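In what follows, a single structure is set out as C-alpha cells and then discussed.
The values are calculated or read from the model by the stated rules, or taken from the named source; none is laboratory data. All of these numbers come straight from a predicted model, not from anything done at the bench. So basically every Cβ, Gly included, is an ideal-geometry build from the backbone, and we count neighbours across all protein chains shown. When the accessible area is computed, the model is the full protein with side chains, heavy atoms only, and any ligands, DNA or RNA have been set aside. Shrake-Rupley method; radii C 1.70, N 1.55, O 1.52, S 1.80 Å.
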Amino acid sequence: DYVVVKMIPDNRLPPRHLHSVHTGKTFAVIKWESPYDSPDQDMLYAVAVKDLVRKTDKIYKVKTRNSTVEYTIKKLEPGGKYHVVVQLGNMSKESSLKINTVPLSAPDALKIITENDHILLFWKSLALKESNFNESRGYEIHMVDSLMNITAYLGNTTENFFKVSNLKIGHNYSFTVQARCLYSGQMCGEPATLLYDELGTGEDSSVARTGRSTDVAAIVVPVLFLLLVTLGIGFVLLYMRHRRLQNSFTAFANSHYSSRLGSAIFSSGDDLGDEDDEAPMITGFSDDVPMVIA
C-alpha cells in the first residue's frame, strides 16, 4: 500500500543555491533554484543589484516556471563591486551573493627611454583592445623605490607616455601604469609593471640582462670563431708538411731503388768519401802547355 502526499508550497521560502556562473567586465551570469521543486505556476523573482562603489541600486524582474533559473545581469562596470539579492516578488526571504567584475586589462608594451636627466615611460593605448575604455579616463602611474621601500603616486595622464625625473643613482625602481582608478581608487585597471634597475642605461632589468648576454655573446662568438680558424689552418699546415715529407722520402727512396736487388740501397758517409778518393784529381792547366782543339 502507498499514499501520495503533496506538500503545500511555501512562497515565503528563499530561492535556493544562488551562485555566480560567469563574470565578465560588464556582465555577470547568476543561477538559482526555485524555493520548492516543480512549480505549477509562473513565479516572479526580484533581482536587486546594489553597486557598492557608486552606492546605487537597480531592480530587475524575472518571471518563469522553471525550477532552475539562469539570469544575466548587464551594464556593469569593469572592476566594480556588487551585492546581488534574489527573492520572490512577494518580498519573501532572500538569497544574496557578492560579485566583483573583471577589471580592465593592463596596458601593453610598457617601455622606458632614457634621456639626459629623466626617463620616459611609453605604452600602447588601452583603447586598442578594450572597447569599454575611453582615453579621456586616462592612466595613472605609480613608482616603487625598492631601496627606500617607498611607494609613490606620480600622477595621471591622458597620453601614452609619461616623464619621470629626479631619480637617484644606485636606486632600483619599479613603475606601474594602469587605467585611472575611479571613485576614490575603488575601480582600477590591471597594472602593467616595469623594473628599472640600471640607472643611466635606460634599460629595465629584463632588457639589461638581455643586453649583457648579447654583449658576452658578441665577444665569445668571434673568439671561438678565430680559435676554430686557427686550429683549421694549423691542421692544414701540418697536413701539407706531412705530405711534403712523405713525397720527399718517396722520391729519395725511388732514386736509390735497385730493381736487381728489389730494395733501396743507401750508402754511408764513408762510402761516399772512398768514392771521392778513387776519383782522379783534376789539376789546373799550365800556361806553357799548348791547348789543342780537335
Query - Average accessible surface area per residue within the range 108-197, 1.4 Å rolling probe, Å² - result: 57
Requested in this report: Using a 1.4 angstrom probe on heavy atoms only, work out the carbon and sulfur share of the accessible area of the range 16-100 in %.
Outcome: 46
Query raised in the report: In sequence order, what are the phi-derived ³J(HN,Hα) couplings for the range 123-137 according to the Karplus relation 6.51 cos²θ - 1.76 cosθ + 1.60 with θ = phi - 60°, rounded to whole Hz, with x for glycine and proline?
Result: 7, 7, 5, 5, 5, 5, 10, 10, 5, 8, 9, 10, 4, 5, 5
Report task. Grab the beta carbon distance between residue 11 and residue 98, set R0 = 22 Å, and tell me the FRET efficiency rounded to 0.05. Result -> 0.25
Query - Debye, to nearest 20: dipole size of the range 108-197, +1 on Lys, Arg Cβ, -1 on Asp, Glu Cβ - result: 80
**Report entry** Principal axis dimensions, largest first and in whole angstrom, of the range 108-197 by Cα
**Finding:** 40, 26, 16
Report task. May I ask for the distance between the Cα centers of the range 128-189 and the range 26-98, given as a whole number of Å? Result -> 37
Query raised in the report: Based on the Cβ-Cβ distance from residue 130 to residue 167, what FRET efficiency comes out when R0 is 45 Å, to the nearest 0.05?
Result: 0.90
Query raised in the report: Going down the list 58/129; 55/98; 124/168, which pairs span over 25 Å between their C-alpha atoms?
Result: 58/129; 124/168
**Report entry** Probe 1.4 Å, protein heavy atoms only - accessible area per residue of the range 16-100 in square angstrom
**Finding:** 57
Query raised in the report: Which length gain, in nm to one decimal place, applies between residue 66 and residue 21 when the Cα-Cα distance is subtracted from 0.36 nm times their residue separation?
Result: 14.5 nm
Requested in this report: Express the carbon and sulfur contribution to the solvent-accessible surface of the range 114-192 as a percent, rounded to the nearest whole number, probe 1.4 angstrom.
Outcome: 48
